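First comes the structure, then the notes that go with it.
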Amino acid sequence: MNIGQAIKKRRQELGYSQEEFGKLFSPPASKSLISRWESNKILCAAPSRTSQLLKILNINYEKLDDLRNNAKLARTFNDSPTRNVTAKQIKQLRKDLGLTQEQFIEKIDGKPGQGRSGIVNNWEHGANLPNVTTMKAINGLAKKQLENQIEDFLSVMQSQSQLDNIAQLIADKVAKLLRKKAKPTLKSQRELAEYLGVSSQTAFKYIHSDGLPYHKTSLKSYFFIPSEVDAWVEERMAKDNEKY
């Protein structure tokens, strides 16, 4: 209820017409002034009027401030650009929550939503907007939704971080195993044959007839450097391709 509605309600409870109600003030308030108060076109702001009004309405200053704020908020919400933006925000919030219009209004006021989808539909199309109390409830939902989204984001980030750590551990272990298996040199003709996937006799032929590079540690001991072997194989394959 805004301040204009409160004035009108109290006047009607007292059984006064607008003209009679105006005479309760000193100096008297005109009928047109009372009408403008009740329609919320202007607020009763003059200190002398306010103190008299409080006594007539039997309300305290805190309640009057609430009524004033409600009136100001109502005018803000009903401003055309604000109305359109608010309507879109309400619709987006409902969709983000994954709720039907009936579920949405039920979540707001706790009352059964069945048959009340039209209310939310009007909000979402800017036909009219929620009152101040309802807007506060909607803002509460929006705040909770934002908190949930932040919590989900942090949870995903934490999970991703854990996955990255696991992946790094696996990569480190694989690299360690590969380092253990990798041989800086092939220390015998047998190891050379295994490296090339050929028989020992073929490896012997490669060494002594086909020019495969090798190194000696003694008269009968050989060792081979894998990079040199790979280069020799590539060169041999290139020559074979040229023949055909």
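The values are calculated or read from the model by the stated rules, or taken from the named source; none is laboratory data. Since we're looking at a predicted model, the values are computed, not measured. We place every Cβ from the backbone using ideal geometry, glycine too, and count neighbours over all the protein chains shown.
Data overview
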| quantity | calculated |
| --- | --- |
| Scan of region 13-22 for residues that are over 12 Å from Leu53 (Cα atoms) and crowded, with 16+ Cβ neighbours inside 10 Å, ordered by number | Tyr16, Gln18 |
| Any hit, region 62-71, residues being among the hydrophobic types (A, V, I, L, M, F, W, C), modelled with pLDDT of 75 or more and not assigned by TED's automatic domain parsing to the domain that holds Asn128 | no |
| Residue in region 207-223 that is more than 30 Å from Ile108 (Cβ to Cβ), of a type in the set (Gly, Ala, Ser) and at pLDDT 85 or above present | yes |
| For Lys8: the one exception among (1) touching a Lys or Arg at 6+ places or on another chain (Cβ under 9 Å); (2) at pLDDT 80 or above; (3) within 25 Å of Met135 (Cβ to Cβ) | (1) |
